[in-house]
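So the structure is just underneath, and the comments pick up after that.
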Amino acid sequence: MKFDALVDARGLKCPLPLLHCKRGLNSLEFGQILKIQTTDKNASKDFEAFCENTGHEIKSSETLNQITTFYIKKN
């Protein structure tokens with residue numbers, strides 16, 4: 001998937017991946033896509049709640065070799 005910014009949050013534990021995600025989204029224009037990679041096992045729940053509360057949209061997510069990659073659209 002095409003993306004406009006990349007955030008590497010691998011090796012970070014909650015709440016740091018979420019904070020890095022928020023900073024990454026703040027650097028984008030509306031409609032742009034953030035790709036964020038994390039190894040935090042709770043990131044899915046955290047990112048889902050964050051997007052639900054802020055109006056951003058998780059376009060897709062996938063886990064490969066214990067790294068979860070999210071594509072989040074800034075709304």
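The values are calculated or read from the model by the stated rules, or taken from the named source; none is laboratory data. Just so it is clear, the structure is predicted and the values come from calculations on it, not from any experiment. Reconstructed Cβ throughout: ideal geometry from the backbone, glycine too, with neighbour counts over all protein chains shown. The protein model used for the area step is the full one, side chains on, heavy atoms only, and it has no ligands, DNA or RNA in it. Shrake-Rupley method; radii C 1.70, N 1.55, O 1.52, S 1.80 Å.
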Selection within segment 59-75 - open to solvent by less than 50 Å² (accessible area, probe 1.4 Å), under 16 Å from MET1 (Cα atoms) and not polar (S, T, N, Q): PHE70, TYR71, ILE72, LYS74
Selection from segment 34-49 of residues that are over 18 Å from LYS73 (Cβ atoms) and in contact (Cβ under 8 Å) with a residue 24 or more places away in the chain: THR39, ASP40, ASN42
Hits in segment 1-20 - residues which are surrounded by fewer than 13 Cβ atoms within 10 Å (Cβ to Cβ) and among the small types (Gly, Ala, Ser): GLY11
Near pairs, Cβ below 6 angstrom, 6+ apart or cross-chain, from segment 9-33 (within 15 Å of CYS51 (Cβ to Cβ)) to any residue that is of a type in the set (Ser, Thr, Tyr): PRO17/THR38; ILE33/TYR71
Filtered residue count, segment 21-34, keeping only those that are surrounded by 17 or more Cβ atoms within 10 Å (Cβ to Cβ) and either assigned to a helix (DSSP H, G or I) or in contact with a Gly (Cβ under 9 Å, 6 or more places away or on another chain) (or both): 4
GLU52 being touching a residue at least 40 places away in the same chain (Cβ under 8 Å) and either surrounded by fewer than 13 Cβ atoms within 10 Å (Cβ to Cβ) or among the small types (Gly, Ala, Ser) (or both): no
Breaking point among (1) open to solvent by 60 Å² or more (accessible area, probe 1.4 Å); (2) outside any loop (DSSP other than H, G, I, E, B), for LYS41: (2)
